[in-house]
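Participant: Here it is: the structure, laid out below.
The values are calculated or read from the model by the stated rules, or taken from the named source; none is laboratory data. Small disclaimer: the values here were computed from a predicted structure and weren't measured. No Cβ is skipped: glycine too gets one built from the backbone with ideal geometry, and neighbour counts run over all protein chains shown. We work out accessible area using only protein heavy atoms, side chains counted, and drop any ligands, DNA or RNA first. Shrake-Rupley method; radii C 1.70, N 1.55, O 1.52, S 1.80 Å.
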Amino acid sequence: MEGSNKHQSFFQDIKSRELHGFRVKKRPYISIECSEIDQIGAVAVEHNGNTPPPMAISFCKTSKNSHVVAVADEGGYVSLYNTRLKFPSSSTHQQNAEKAKMSEWVAHENAIFDVCWIKDDTNILTASGDQCIKVWDAQEKQCIRALMGHTGSVKSICPHPTSQDIIVSGSRDGSFSLWDLRSSCSSSQKFYTPSIAAVHKAHISPRQRRVKGGKASSMSITSVLYLKDEISIATAGAVDSVIKFWDTRNLKSPVLQACPHLDVSSYKEKRLHGVSSLSQDLNGVFIAASCMDSRIYLYNVLQPEKGPEKTFTGCQINSFFVKSAISPDAAHVLSGSSNGNAYIWRVNKPLADPTILKGHDGEVTAVEWCPSETGKVATASDDFTVRFWNIQSSCYSNIRSPSSIRRRVMALSSMERRKLFTDEKPESIKNDSDDCYSNIACKENLSSSTKTPEISTPESKKKKHLQGFEVEENLEKTPEASNKSPSSVLNPPSSLKRTIRDYFLMTSSGMHCQ
């Protein structure tokens, strides 16, 4: 920390950044002077003469496999490429693909909208327009599970941060669902896995309810995230820029809402902008949301209802296929663009001109940071290529970003923690997203009670009439939940119950600066 050897708590560090900006030494940002971006190479997405546009990309998560990237395309193929190979400038994109391609297979008879590695890179998840999610053995190229239940294209998938048998998915049918790979319908149908919980109409426009005739607006779920507290889920949709936060122990209603518009009166006169993607850094401190107003908003998970801390502009987001991603160390934000470029912003200087990655000839859609190889990114485009880039390593320092300091700072004392929460009045929000436009900055309505809200597991079988969205819960199908096992993610014992805000207190407890 600058100017002092005295260590601050994570919350004090957060507060200092809110007031004065990032109070840390030089961080691993790209400087304007050394913003040299090397294009490692480009591969053509092609199968037997057909050239489907790539739709989703995902680097392996483990360090030993970090050079392997999975590319899913509109033709339903999954292809694995080795990004450590040298791509001669004289080679064509097709020649590069032949050289770098490790394997490929037809995963779906429809477009694949999302792809993700799980379980130490042994399995791959694919989400498709055929309304199905499949789990693949990456080595054998065999489907080992099919997750069935959505009635629309599956647009987004995300595994649980620690127990990757638990998956959350979002669909064009307006629902998001939870899945447990350990459960199945019956012993005779182990291949097919039903959802263990589903929330319908999770994001629905207030206008859609009022209009009786004409074409209804989309209620598609465009992105889902399983947050690092292991029980919270963030969802976003095509209908508006609202992000909803859900507690998996009680999916009856969202516990928080966030949106970027502070001036509600002027915003209500404008067209509602949807969110094309959500991403979070490695420690889960920040969430980046790319919005159809061609802006990317950065939220702090401790106070998302207060609106975005940073806003990044310069790219063009003209379709929901254009995605963005915050870097694992929360130092940069990478985004595609409809103008054929990709953009990289420095989180600590959101108003500075972004670094531009030029080379694509079509809309840049999916983007991805390599989690283990610092500075390596991949971009996919409608020009039927995936390009690999290297941000010059000399632009990075060894100083960690604020998000990585969380596990190295001293915890707040019990008195300070008590004061932190008692000084904040508890808030609650209503179910439908219309409330977001009747309250400034989507803040929750203050309740009459001033007591610190209790954290408890609700009665899972209590049935309530809900306006705005519907909930289906089949938690009894999860083996751990039915046995009330402490290992159950969705039914934790009392001693482990916590919220997203408690997560940062608990993980920093007892951990001192070295």
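Participant: Can you pull out every residue in the stretch 62-85 that is touching a residue at least 40 places away in the same chain (Cβ under 8 Å) and either basic (Lys, Arg) or within 22 Å of residue 144 (Cβ to Cβ) (or both)?
Facilitator: 62, 65, 68, 69, 70, 71, 72, 76, 78, 80
Results for (1) in a loop (DSSP other than H, G, I, E, B); (2) modelled with pLDDT of 95 or more; (3) open to solvent by less than 30 Å² (accessible area, probe 1.4 Å), shown as yes or no for each residue.
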{"site": "32", "(1), (2), (3)": "yes, no, no"}
{"site": "56", "(1), (2), (3)": "no, yes, yes"}
{"site": "79", "(1), (2), (3)": "no, yes, yes"}
{"site": "90", "(1), (2), (3)": "yes, no, no"}
{"site": "103", "(1), (2), (3)": "no, yes, yes"}
{"site": "110", "(1), (2), (3)": "yes, yes, no"}
{"site": "125", "(1), (2), (3)": "no, yes, yes"}
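Participant: Looking only at the stretch 183-199, filter to residues that are among the polar types (S, T, N, Q) and either part of a strand (DSSP E or B) or at pLDDT 95 or above (or both); which one of those is nearest to residue 249 (Cα to Cα)?
Facilitator: 195
Participant: OK, next. Go through the stretch 165-182 and report how many residues are of a type in the set (Gly, Ala, Ser), in contact (Cβ under 8 Å) with a residue 60 or more places away in the chain and in a strand (DSSP E or B).
Facilitator: Of the residues in that region, 1 qualify.
Participant: Scan the stretch 119-127 and give yes if some residue there is within 27 Å of the chain's Cα centre (by Cα) and hydroxyl-bearing (Ser, Thr, Tyr), otherwise no.
Facilitator: For the stretch 119-127, residues within 27 Å of the chain's Cα centre (by Cα) and hydroxyl-bearing (Ser, Thr, Tyr): present.
Participant: Being surrounded by fewer than 20 Cβ atoms within 10 Å (Cβ to Cβ) and either modelled with pLDDT of 95 or more or over 19 Å from residue 196 (Cβ atoms) (or both) narrows it down to one of 268, 252, so name that one.
Facilitator: Only one candidate passes the filter, namely 268.
Participant: Same structure again: Picking from 133, 144, 112, which residue would you name as being closer than 29 Å to residue 40 by Cα and either free of Cβ contacts under 8 Å to residues at least 12 places away in the same chain or of a type in the set (A, V, I, L, M) (or both)?
Facilitator: None of the other options fit; the residue is 112.
Participant: Anything in the stretch 34-54 that is open to solvent by 30 Å² or more (accessible area, probe 1.4 Å), touching a residue at least 40 places away in the same chain (Cβ under 8 Å), in a strand (DSSP E or B) and farther than 17 Å from residue 361 by Cβ? List them, or say none.
Facilitator: Within the stretch 34-54, 37, 38, 40 meet the criteria.
Results for (1) in contact with a Lys or Arg (Cβ under 8 Å, 6 or more places away or on another chain); (2) over 20 Å from residue 125 (Cβ atoms); (3) not charged (D, E, K, R), shown as yes or no for each residue.
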| position | (1), (2), (3) |
| --- | --- |
| 38 | no, yes, no |
| 65 | no, no, yes |
| 76 | no, no, yes |
| 79 | yes, no, yes |
| 91 | yes, yes, yes |
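Participant: Among the residues of the stretch 127-167, which ones are over 25 Å from residue 229 (Cβ atoms), among the polar types (S, T, N, Q) and open to solvent by less than 40 Å² (accessible area, probe 1.4 Å)?
Facilitator: 128, 153
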